[in-house]
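Structure record follows, encoded as structure tokens.
Quick note: the coordinates plus some simple rules give every number you see, no bench work behind them. Computed from a predicted model, the values in this text were never measured in an experiment. Don't worry about glycine lacking a Cβ; one is built from the backbone with ideal geometry, like all the others, and counts go over all protein chains shown.
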Amino acid sequence: MKIIISPDSFKGSLDAVQAARAINNGVLKVFPNAKTVLLPVADGGEGTLDTLVASTNGRVVDVSVVGPLGEMVAGSYGVLGDGVTCVIEMALASGLSYVSEGELSASKTTTYGTGQLIRQALDDGFTSFILALGGSATNDGGVGMLQALGMKVQDEKGEDISYGGGEIGKVHRIDVSSFDSRIKNCDFIIASDVQNPLVGEMGASRVFGPQKGADNNMVEMLDQNMTHWADEIEKVTGIHLHNRSGAGAAGGIGGAFQAFFPATMKRGIDVVLEQIRFSDALIDSDLVLTGEGQVDEQTTSGKTPMGVAQTASVKGVPTIIIAGSLGAGIEELYKFGVVSINSIVNKPMTLNEAVEGVKELLEASTEQIVRSFFYKQLTELKCT
């Protein structure tokens, strides 16, 4: 018997590696001799670096960088087990976790630290990159990142503009002559599920700005500034980013990658599954167990459980989802090879109780799921 265990994190309680171990414990309570393969995953959001490093036996490199509000923070990048591929997780340099709720302002936060991570990885000799864009606190169109990599973004006086989306309306000149020349010889895979354009009603500022501390007036200002930034980019590159799919990812940094990098945008979960060789692991497997904290209609937009199930179904392997809680619209997941969707909550309890007991609940739920799915094998064992 071979079971693949590939959960995402249960946010606020277990990271993906911890969740995989808890599920594994539940499996082994039923079948102590089962072959289990632990491949924790992520969908390109927060935790992607740790998950990829853990799943490929890679390593983490610590780098001090400028945080989203201009302060120095302890950032890092990852190196996969192949020793060749570098993982940059934007949240570990320019993420929401570095900003308290009272300080959050989409007009001030910068991507400069993300650029510093890329620059350090280039200095360390890497040419193959995976960029995970989830969890950003920024809305600066990637200007800070570009500045950290040598690009001159200047106002009418010829001075470099300062940090934040509130500044990009001042852009008068983009000088790419000093942009890091090593970038053109690199490969960048952008792991992001965001398809939003750069500007407009579905653009970066209007859709994601409020999550990053922008009120209605700030949203209007940011969208106008982003439009101006897109106009200036088009003058230099000939690329019209305004309504381009994915350009609005992570406060517009997706557009910066599309305009100035040899980059390819892919669905986050697909990038992760490819790197951990998930399809290869499915050979001769009997079941896949996946899950995350909340499963609902948003899961069908390409989150971890759906991506795992889709890939497994191609190989004819059934998938069972284990979740902290279930929301509306989960029935759609049955179209993608999912056999059943289960909540770990086994009795009335508060959210705090569920969070505190998540490891034990996950183990217990897994045990019951495995007993039900493999009831024939259990019956045969009892008869021998």
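Of note:
- Long-range amide H partners of S64 with built H, under 5 Å: G75
- Length-normalised contact order of region 48-268 in % [C-alpha pairs under 8 Å, at least 6 apart]: 19
- With a Förster radius of 25 Å applied to the beta-carbon distance between S178 and D231, the computed FRET efficiency rounds to 0.70.
- Sequentially through region 213-229, phi angles give Karplus couplings (6.51, -1.76, 1.60; θ = phi - 60°) of x, 9, 7, 4, 5, 5, 4, 4, 4, 5, 5, 5, 5, 5, 5, 4, 4 Hz, Gly and Pro residues having no value and appearing as x.
- Working from Cα pairs under 8 Å separated by at least six residues, relative contact order for region 228-384 is 14 percent.
- In degrees, nearest ten, helix 112-123 long axis to first principal axis of the chain (Cα): 80
- Local electrostatic count, Q18, Cβ distance below 13 Å [Lys/Arg +1, Asp/Glu -1]: -3
- Basic side chains Lys and Arg get +1 at the Cβ, acidic Asp and Glu get -1 at the Cβ, and with that the dipole of region 48-268 about its Cα centre reaches some 460 debye.
- Environment charge at V358 (Cβ cut-off 13 Å; Lys +1, Arg +1, Asp -1, Glu -1): -3
- Note: relative contact order over the chain, using C-alpha pairs below 8 Å and six or more positions apart, is 18 percent.
- GNM flexibility winner over the chain from T300, T227, T350 (Cα, springs under 10 Å): T350
- Modelled label positions at D215 and I283, each set 7 Å beyond Cα in the direction of Cβ, lie 6.1 nm from each other.
- Fluctuation leader among V143, V308, V61 - the chain, Gaussian network, Cα springs under 10 angstrom: V61
- Magnitude of the charge dipole for the chain, about its Cα centre and with charges confined to Cβ atoms of Lys, Arg (+1) and Asp, Glu (-1), is about 1080 debye.
- Principal-axis tilt of helix 249-260 within the chain, Cα atoms, nearest 10 degrees: 60
- Counting charges near G83 (Lys, Arg +1; Asp, Glu -1) among other residues having Cβ under 13 Å from its Cβ returns a value of -1.
- Derived scalar couplings between HN and Hα for region 81-91 equal x, 6, x, 10, 8, 9, 10, 10, 9, 4, 4 Hz in order, rounded to whole Hz, by the Karplus curve 6.51 cos²θ - 1.76 cosθ + 1.60 (θ = phi - 60°), x for Gly and Pro.
- Cross-link pairs beyond the 25 Å C-alpha cut-off, checked among K2/K382; K212/K347; K2/K29: K212/K347
- Taking a straight line from the alpha carbon of K35, these aspartates and glutamates sit under 20 Å away, with near neighbours fewer than eight places off in the same chain left out: D280, D284, D286, E363, E367, E380.
- 0 to 90° range, to nearest 10: angle between helix 16-30 axis and the chain longest Cα axis: 10
- Computed over the chain, the per-residue total of -39500 (n - 2.57) for DSSP H runs of n ≥ 4 gives a 222 nm mean residue ellipticity of -10500 deg cm²/dmol, rounded to 500.
- Using the Karplus relation 6.51 cos²θ - 1.76 cosθ + 1.60 with θ = phi - 60°, the per-residue 3J(HN,Hα) values for region 232-238 come to 5, 4, 5, 4, 8, 10, x Hz, with x marking Gly and Pro.
- Candidates G327, G150, G115, ranked by Gaussian network fluctuation over the chain, Cα under 10 Å, top entry: G327
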